[in-house]
Structures are given as structure tokens and as C-alpha cells.
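Student: There's a structure below that I have some questions on.
The values are calculated or read from the model by the stated rules, or taken from the named source; none is laboratory data. Source: prediction; values computed, not measured. In this analysis, Cβ positions are derived from the backbone assuming ideal geometry, glycine residues included, and neighbour counts consider all displayed protein chains.
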Amino acid sequence: MGLAAIAIAASASAATLHYDVSAETNLRYHLDCVSGVINCNRTSFAALWTALPSQDRDTVWLDRWHRLRSSIRTRPFRPEPAGTSPVPFDTALAGDPAGRSANTLAEEEVLNVFRDRFETWWRDDAGAADHLRTFTTGLAHSTRTIDLDTRMAALATFYGVDWRNLGDIPIALISADRRYSGATHGEYRDRAIYVETLINESAFARTATVAHELAHFVYAASSRAQREQVRAWFVDSESAVALPAYALFNEAIATAFGNGMVERALIGEERFARMLRLPQALYADTYIDAAGRAAMPLLKQYLDDERELDREFVDAYVAALAESLGPRLTDQAFWLRVMVFASSSSTLWSLNDMVANRVRTGSLLQDDIGQGCGTRCLLKRYPELPGIVAITHEKLDALRGVVDDRDLAHIRRLSFLHGHAAYAVRRSDRSLLFIAAGSDDAGVAIALNSMLDFGRIFEGPLPQG
């Protein structure tokens, strides 16, 4: 069905970029997107499927697809030996889901419901198949024009990886309808790269996105020992911003490389300099954009010199990011780039989506405060780990030993008085624990929403006004 995958090798001695332009991969991506399984340009894809002929039970089938395909959005907590690191997980791979459902027969049943409609659009109505043929050829041309192979080899060296030994790198090209616009999305997940493209869009315009995702792929190919060394350099830094800087690091390098250095090679110095004057010119996230800008001159020098990532680079990047952010250093969303989110009941788990969407965490570790030692032990072991606790006030005692009894009493009083309370407790010079408490689940949601609306770091009760 549809197109077969196309493999294009940059050179005989290099990794192979394996472009998957099949209808099957596209259909799966479309359903993942519109059902809310993945990050994507959901507005555009949902608009497309709204325009296609519908059937009575489409919503039921999409709900079923979501249940089958939903990934574990966060990494499971695996405790490390006491006294090792104040950060309990590998933030470098944040956003790489833990897995997909293997229930292929059930998935096939859902695919069959939508397949005929999709294939009609794919072949006839939109010309998506023809577009991806042309798009793939264009990508091969643009990557050769800027010698992406050599650039990727230098980035791999920076990460301690041999570019020649990476083998096939799967890149799924996803076609969106020409009638809908908006920002297209690229993502590295499940050891593959996904890049959205609007029909009739030039491959030249998406080459930097491909390079950005390739940077994620290469970093993920580095050894665990190498990533732990990088983490140690950040943890050992004396800078108060080192941990959020670490959470941004993977995106910072990918942005500096793809959206920065590769884009500059594509459009030229003059156009690139004009582009940089625009806000969020490198990335549509203020903190990642700032991190990419901070890392770009440092990364260029290291790649030019064929140097590997070292402590000197980390210290320079942390300092440059702090300078780049300026007054934004007091933003909650920056300090919570690495965090634990804990709730006191399963009914509060949905608040995790509010946090993920509003804060856009780089690494989000979920935990259930009611399960065994749970959050209390986690936070006691890692005093540098920031977090948010969503909790009803009758369960506040679960935080004893982490939060001072006087603070707990204050939170309980505020929650009884108002039905909800947002409160922040400083755990170290580099971390805060934000507590959203309520007399019931609705009160907890109000407290959490108020805290996120405030948007800046604070200590004690949420400031009024």
C-alpha cells in the first residue's frame, strides 16, 4: 500500500538517512496526532480529518486508538545508589516515550476503519504521495548542497559517537493537507525521526528541522556512561541555573545545530542575521530559543575544532544561558524544566497534562504520593529536585520529613479557609517544591491553575494580585 520506504546514503562510509514516505506510516501518524497520542500540529491534522467524510462511530474508534497507542509519557523511576546524583533520571532523553502498544491486531482493526478514506485523500484528493516523492528528492539535494554528512560527523564526534557506525537512521516524512497552515512539527521518538510537511512545501524549508532531529538521534546514540558524565558536569556546577540548563541541553544543542548552524548554511549569513532579530527565531519556546542562542557560538567553535563535549563547554553554556535569559530567570517554567509531579490520588493524574502543557517540562517524573514511600522518599533522596505536588489537605502528612511541619500547618489552614492553597517551599538554593492543596480535587485544580497563572517563582503562600 502506498509508497515504499526510500533510503539515501550521504556517502558510502556514513550513516544512511532512510526516508519512510509510506501511506501506512502516514496514516498511523495522523491517527496518533488527532487522537492526542503524540505532540504534533494537531489543529492542522484535525482540520483535515474534519473535512474528510465522517462515520458515526469515528470518535469511539479514535478513543480506542488512543488507549492502544498511548505511550508512557515519562520515564519510570529507577532509584540510583544513595549519594550518587541529585537528579534521578537521564534528562537528555526526555521526550523519548517509553514504548507503544504491541497490540497490532487491535490496531489493525482501527486502521481499517479509516484506511479507505485516508487512501483516497493520499492518492487523489491531495496528491500527498506525489508530494513526498518530490520532497524526498529535494531533501537529498539540500543535504548534499550543505554537506550535511560532514556536519553530522562533527556533531557525532562532539558527542563521542562514530557517525559511520550508526547504520540506518529512519526518518518518517508526514504529509499534511495543503489547505491548512501553521507551524509544522518535528520529533525524535521511538528511535526514529518524524517530520511533518505541508503539501507543496519546499524540502529546503524543512532541512533544518531534519538536522535538528538528527542531533537528537546522535545524542541518544551516545553511551549511558557519556551521558552520566555530562549530567555530573551540570550537577557539580556552582551555578544555580545548572539543573534547568541541563534539562534544556539536548534541545539547546539540536536547536543550535539544526535551526542555527544548518539554517545559516542554507540561507546565508545576511538572511540569518536578520532572522535572529526576531523573537523565538530559532525555536517556538522562549527558553529553548534562548538556550539555542547561548549554545550556538560555543558549538560552532567545538565542531570547527573537532572537539568533544567537555566540562569547559558545559560551564560556558550555563553562563551564556543565564546571561541570555536575563529577567526570565525568575520564571516558574524555567526552574521546573526538571521536576517531579506527584498527586495524592489517581483522580488527580489528569492535572499532569496541565503541568506538561503549561510548563513544557524538559523532564517530567511522575509519582503517586499514596504508593508506599513514594514522593517523600524520592524528594528526601534528591534535595536538588524541584517539583509540584497536587494534594488534598487531609493527605498533607505524606509530606512530613520533606516539608517543615509549620509550613504544612500553614498550607492546611489556607486550604481549609479558602478551599485551596498554592504554596512554595525552598528545598535548596537550586530547587523549590510547589504545593497545590485543596479541600477536594476541584480545589487542588484551582490552586494549581492559580500557581501556573502566576508564572514566577515565589516562596511561602502564593502572592496575591
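Student: Mind checking whether some residue in region 143-164 is in contact with a strand residue (DSSP E or B) (Cβ under 8 Å, 6 or more places away or on another chain) and more than 28 Å from Gly268 (Cβ to Cβ)?
Tutor: no
Student: From the list Ala398, Ala409, which one is modelled with pLDDT under 90 and farther than 19 Å from Leu336 by Cβ?
Tutor: Answer to the selection: Ala398.
Student: Related question: Among the residues of region 146-175, which ones are under 14 Å from Ala211 (Cβ atoms), of a type outside the set (Phe, Trp, Tyr) and in contact (Cβ under 8 Å) with a residue 24 or more places away in the chain?
Tutor: Selection gives Ile146, Leu148, Asp149, Arg151, Met152, Ala153, Ala154, Leu155, Ala156, Ile169, Ile171.
Student: Turning to a different aspect of this structure: In the list Leu448, Leu432, which residue meets the criterion of being in contact with a Lys or Arg (Cβ under 8 Å, 6 or more places away or on another chain), buried (at least 16 other Cβ atoms within 10 Å of the Cβ), over 16 Å from Glu394 (Cβ atoms) and not β-branched (Val, Ile, Thr)?
Tutor: Leu432
Student: Taking interchain pairs and intrachain pairs at least six residues apart, which have beta carbon atoms under 8 angstrom, with the first residue in region 246-265 and closer than 17 Å to Glu228 by Cα and the second among the charged types (D, E, K, R) and in a helix (DSSP H, G or I)?
Tutor: As it stands, the answer is Tyr246/Arg231, since those pairs meet every condition given.
Student: Here is a further query. Of all residues in region 202-250, which are small (Gly, Ala, Ser) and in a helix (DSSP H, G or I)?
Tutor: Listed by number, the residues that qualify are Ala203, Ala205, Ala208, Ala211, Ala215, Ala220, Ala225, Ala232, Ala242, Ala245, Ala247.
For (1) surrounded by 23 or more Cβ atoms within 10 Å (Cβ to Cβ); (2) closer than 11 Å to Leu173 by Cβ, each residue gets a yes or a no:
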| residue | (1), (2) |
| --- | --- |
| Ile193 | yes, yes |
| Asn200 | no, no |
| Arg206 | no, yes |
| Thr209 | no, yes |
| Ala215 | yes, no |
| Val218 | yes, no |
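Student: Applying the selection to region 346-362, what residues are of a type in the set (Gly, Ala, Ser) and either within 18 Å of the chain's Cα centre (by Cα) or not in a helix (DSSP H, G or I) (or both)?
Tutor: Ser350, Ala356, Gly362
Student: Further question on the same structure: With the requirement that a residue be hydrophobic (A, V, I, L, M, F, W, C), free of Cβ contacts under 8 Å to residues at least 40 places away in the same chain and either over 24 Å from Asp405 (Cα atoms) or not in a helix (DSSP H, G or I) (or both), what does region 435-453 give you?
Tutor: Answer for region 435-453, where residues must be hydrophobic (A, V, I, L, M, F, W, C), free of Cβ contacts under 8 Å to residues at least 40 places away in the same chain and either over 24 Å from Asp405 (Cα atoms) or not in a helix (DSSP H, G or I) (or both): just Ala442.
Student: Given (1) part of a helix (DSSP H, G or I); (2) under 25 Å from the mean Cα position of the chain (by Cα), where does Ser175 come up short, assuming only one miss?
Tutor: The one condition Ser175 does not meet is (1).
Student: Looking at region 179-229, which of its residues are hydroxyl-bearing (Ser, Thr, Tyr), more than 19 Å from the chain's Cα centre (by Cα) and within 30 Å of Val314 (Cα to Cα)?
Tutor: Matches in region 179-229: Thr207, Ser223.
Student: Return the residue satisfying two criteria in turn: it lies in region 328-345 and is surrounded by fewer than 16 Cβ atoms within 10 Å (Cβ to Cβ) and within 24 Å of the chain's Cα centre (by Cα), and of such residues it is farthest from Ala424 (Cα to Cα).
Tutor: Arg328
Student: Next question, about the same structure. For Gly292, are the conditions met, namely being on the phi < 0 side of the Ramachandran plot, buried (at least 24 other Cβ atoms within 10 Å of the Cβ) and either in contact with a Ser or Thr (Cβ under 8 Å, 6 or more places away or on another chain) or among the polar types (S, T, N, Q) (or both)?
Tutor: Judged against the criteria, Gly292 is a match.
Student: Scan region 87-127 residue by residue and report those that are buried (at least 16 other Cβ atoms within 10 Å of the Cβ), farther than 30 Å from Leu385 by Cβ and at pLDDT below 85.
Tutor: Result: Ala126, Gly127.
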